[in-house]
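Everything below concerns the one structure shown next.
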There are 2 protein chains.
Amino acid sequence: MEIGFIENIDKKSKPNQNQLGFGQHFTDYMFEMDYIDGEGWVNPTIKPYAPISLDPSAMVFHYGQSVFEGLKAYRTKDDRVLLFRPEKNIERLNKSNARMCIPEIDKELILKAISELVKVDKDWIPNQKGTSLYIRPFVFATDYYVGVRQSHNYKFLIILSPVGAYYSEGFNPVKIFIEQQYVRAVKGGVGEAKTAGNYAASIKAQSEAKEKGFSQVLWLDGAEHKYIEEVGAMNIFIMIGEEILTPELTGSILDGVTRRSTIELLRASGYQVTERKITIDEIIEAQFNGRLKEVFGTGTAAVISPVGEMWFEGQKILINGGEVGNVSQKLYDQLTGIQTGDVEDEFGWTIDISK
Amino acid sequence: MEIGFIENIDKKSKPNQNQLGFGQHFTDYMFEMDYIDGEGWVNPTIKPYAPISLDPSAMVFHYGQSVFEGLKAYRTKDDRVLLFRPEKNIERLNKSNARMCIPEIDKELILKAISELVKVDKDWIPNQKGTSLYIRPFVFATDYYVGVRQSHNYKFLIILSPVGAYYSEGFNPVKIFIEQQYVRAVKGGVGEAKTAGNYAASIKAQSEAKEKGFSQVLWLDGAEHKYIEEVGAMNIFIMIGEEILTPELTGSILDGVTRRSTIELLRASGYQVTERKITIDEIIEAQFNGRLKEVFGTGTAAVISPVGEMWFEGQKILINGGEVGNVSQKLYDQLTGIQTGDVEDEFGWTIDISK
């Protein structure tokens, strides 16, 4: 399908690269495509970034039938533009669509839309260390109807946001709170879909943890409150002895692209990585026995987020003396190196879209 | 706070009362109020019903921080306008707001907004048997920011929709499917909040059940898949012997206004009503012993929805020979009678807003 183009004759001034923050600035263009009942996905268009007008009865406001994705474009030192494993995000977008009863979107069209949009807004990609252009594809229900059912019409948009360095004050370990009261998701629910409601459901726990001085919560499983699931909006890895553990995908955990890349990278470097259920008790026991070596989160925003302390039932679990571990540091350097083109991409993970 | 008013000089023609359906037609006016960071809820206004314009980065599209309510206004035979227990919906709206980290809204202002809006659109309230004016208050996050946190700005709207008789083809029992794969909510989650994500999460199970010929699913608890929770978007009641049971409110079940009214009405009529955990096994056993007398759902849309069959693991549980039971019928007549002013309101549940 050809992507239409409407030129923006009223371009914005670009923000200062040192004050980008995250998700606050948006570029000159966006991609928009509609799903029309009986016609399918139609009118893919790159057009000036502009407000969306919706009837107050639009289903997205009431029943939250929606999914999104998040990935980044990086500017290399030699001015090429790289995407990191976009096909994984596109696969997951359609997996989320299937769970939320939203019609599938052609994979190649999504990749083309992302690539063309990033190219047209290429000047917005920052080049300072740690910066990137965050890409946010999202789909939502647009039927003008107040009643619970799947919508017959949808909108698919892609917007772009230049984002600053996540670790602007250095690559420092975070303090996390192990959440026992609130639950993010449960098997049989929509935890593995990247859908709005999962994030809305996480806000209260996250905000209470922030007030107590923690940067994230570690979610336990919804059924038994016994197995670790995710940390904030990231996947989690635990190094016990020489083995690196991460929760297996049971349906309530997001299948993270950085999680998957971390597993592959670690295995290629000779580490033993096991995906299985992990109880909070065995983490406490490992720390007691001196075998708990490192804990880190993985996600698109932070890439790798080392954990220095976890708090459970008022007790502190100190990890690696509260310092960044070797594995976390090496992973961060390797992954960000591949993403930005500074480290050779042996895995074929990046796509150069500047050609 | 005074509510502003902007006149609509371009009124719509009204739909045929016999073809109203549910949630498809909207009136000439809506209520709108903004929450501005640092200022609170400001500019409450009744204005012409019109599209909302939002930046594509508005948080509601991405993270679903939103809540809604549903209640009805009824036109009596002598042309008065009644609301049914609106204070309960208003209380629940603020309970949902608290769970979703949305700022509380003044209770009296909400009631005033509903009453004035219904009055200005009074001509839209249908008067045929079973019809009413559905009232949909809703709140959603409006920060232009792509990142997971609570929004600093919100919109609160109220829209109105004239709705047809729910039982246009007679008050007939429904067939429900007892869901064992998908889960709606779990303790510690947001199941008791009337928030968009809960409804998005229900669509797949509901749509698969519809394809199998069922009108609703009966949800089991998320942790053990053992206790009954809700049916579709309604609460559920089970009559075993002379006792009427309904699931207790554990945090994953909606605190329904019709549920509460049903309990109070049944108790006032001398029935023993018990709120407790109910296993699916005891329902099957009761049917086997001939003690399962009636099953019905309660909710704003249908008021009372008698259940004729429930299917569990491929087996049919037939209830009262598939016919409407006496208790269901009596409750439906009493509740709809009170709501429409045909039956004396001994409980003081209705508010006449036409005065």
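Residue by residue along A:15-23, Cβ atoms of other protein chains within 10 Å of the local Cβ number 2 on average. Site pair B:Leu318 and B:Gln181 shows an inter-label distance of 2.8 nm when each label is modelled 7 Å from Cα along Cα→Cβ. What separates the B:Ser207 label point from its copies, with the point 7 Å along Cα to Cβ, is 3.1 nm, written shortest first.
First check a/c for segment B:174-340, with a ≥ b ≥ c the square roots of the eigenvalues of its C-alpha gyration tensor; if it is under 1.5, answer rounded, and if not, answer prolate when a/b is larger than b/c or oblate otherwise.
rounded
Toward the positive end of the charge dipole of the protein assembly as shown, with +1 on the Cβ of Lys and Arg and -1 on the Cβ of Asp and Glu, the farthest Cα among A:Gln19, B:Ile105, B:Gly191 is that of A:Gln19. For chain B, the antiparallel share of DSSP beta bridges with both residues in that region comes to about 80%.
Take each residue of peptide A:156-162, count the partner chain Cβ atoms within 10 Å of its Cβ, and average: the result is 2.
DSSP loop (so not H, G, I, E, B), at most 16 other Cβ within 10 Å: list which trypsin sites (Lys or Arg not before Pro) in segment B:196-243 pass both filters.
Details: sites: B:Lys204, B:Lys210, B:Lys212, B:Lys226; in loops: B:Lys212, B:Lys226.
The qualifying sites are B:Lys212, B:Lys226.
For A:Lys212, the lysines whose Cα falls under 22 Å of its own Cα, not counting residues fewer than eight places away in the same chain, are A:Lys175, A:Lys204, A:Lys316.
Here the Gaussian network model covers chain B, with springs between Cα atoms less than 10 Å apart; of B:Gly270, B:Gly191, B:Gly130, B:Gly270 fluctuates the most. Net charge of the neighbourhood of B:Asn326, taken over other residues with C-beta under 11 Å away and scored Lys/Arg +1, Asp/Glu -1, is -1.
Peptides A:293-299, A:236-242: what's the order by average Cβ count within 10 Å, highest mean first?
So the peptides A:293-299, A:236-242, ranked by packing, come out A:293-299, A:236-242.
For the options B:Thr195, B:Thr131, B:Thr76, a Gaussian network treatment of chain B with springs between C-alpha atoms closer than 10 Å singles out B:Thr76 as fluctuating the most.
Computed over segment B:83-234, the quotient of the alpha carbon radius of gyration and 2.2 N^0.38 Å is 1.23.
Projecting each Cα onto the charge dipole of the protein assembly as shown (Lys/Arg +1, Asp/Glu -1 at the beta carbon, about the Cα centre), which of A:Ile159, B:Ser252, B:Phe312 comes out farthest on the positive side? Highest projection toward the positive end goes to A:Ile159.
Would you mind giving the mean number of other chain beta-carbons within 10 Å of the Cβ of each residue in A:64-71, as a whole number?
Across A:64-71, the average partner-chain Cβ count within 10 Å equals 5.
For the protein assembly as shown, what ratio Rg/Rh do Cα atoms give with a Kirkwood hydrodynamic radius?
Working: Rg = 26.7 Å, Rh = 27.1 Å.
My calculation of the ratio gives 0.99.
What share of Cα pairs, in percent, lie more than 20 angstrom apart in segment A:4-163? Taking all Cα-Cα pairs of segment A:4-163, the fraction more than 20 Å apart is 52 percent. Could you list the GluC sites (Glu not before Pro) in segment A:37-97 that lie in coil according to DSSP, counting only those with at most 13 other Cβ atoms within 10 Å of their Cβ? Those that pass, being in a loop and sparsely packed, are A:Glu39. Over the Cα atoms of chain B, the radius of gyration divided by the Kirkwood radius equals 0.97; this is the Rg/Rh ratio. Once the 1.4 Å probe is applied to the protein heavy atoms, segment A:1-146 comes out at 41 Å² accessible per residue.
Placing a pseudo-label 7 Å from each Cα along the Cα-to-Cβ vector at B:Asn18 and B:Ala50 gives an inter-label distance of 3.7 nm. When chain B is treated as a GNM with alpha-carbon contacts under 10 Å, the residue of B:Pro126, B:Pro44, B:Pro56 showing the greatest mean-square fluctuation is B:Pro56.
Look at the Cα gyration tensor of segment A:99-186: its axes a ≥ b ≥ c give a/c of at least 1.5 with a/b at or below b/c, and that counts as oblate. When shorter helices are ignored and each DSSP H run of at least 4 residues is given -39500 (n - 2.57), the per-residue value for chain B at 222 nm works out to -7000 deg cm²/dmol. Between chain A and chain B, the total buried accessible area stands at approximately 4600 Å², from heavy atoms with a 1.4 Å probe.
Peptide packing for A:135-141, B:108-114 was compared via the average number of neighbouring C-beta atoms within 10 Å per residue; ordered from the highest value, the list is A:135-141, B:108-114. Relative contact order of segment A:4-163: 35 percent, from C-alpha pairs under 8 Å at least 6 residues apart in sequence. For segment B:174-340, averaging the sequence separation of C-alpha pairs within contact (under 8 Å, six or more residues apart) and dividing by the residue count gives a relative contact order of 23 percent. For the listed residue pairs A:Lys88/A:Lys122; B:Lys119/B:Lys355; B:Lys129/B:Lys330; B:Lys155/B:Lys194; A:Lys77/A:Lys107; A:Lys194/A:Lys330, the alpha carbons are over 19 angstrom apart in A:Lys88/A:Lys122; A:Lys77/A:Lys107; A:Lys194/A:Lys330. Taking Cα centre as origin and charging only the Cβ of basic (Lys, Arg, +1) and acidic (Asp, Glu, -1) residues, the dipole magnitude of segment A:174-340 rounds to 280 debye.
The values are calculated or read from the model by the stated rules, or taken from the named source; none is laboratory data. Every value quoted in this text rests on a predicted model; they were computed, and no experiment measured them. Backbone-built Cβ (ideal geometry, glycine too); neighbour counts: all protein chains shown. The accessibility values were calculated without ligands, DNA or RNA, using every heavy atom of the protein model including side chains. Shrake-Rupley method; radii C 1.70, N 1.55, O 1.52, S 1.80 Å.
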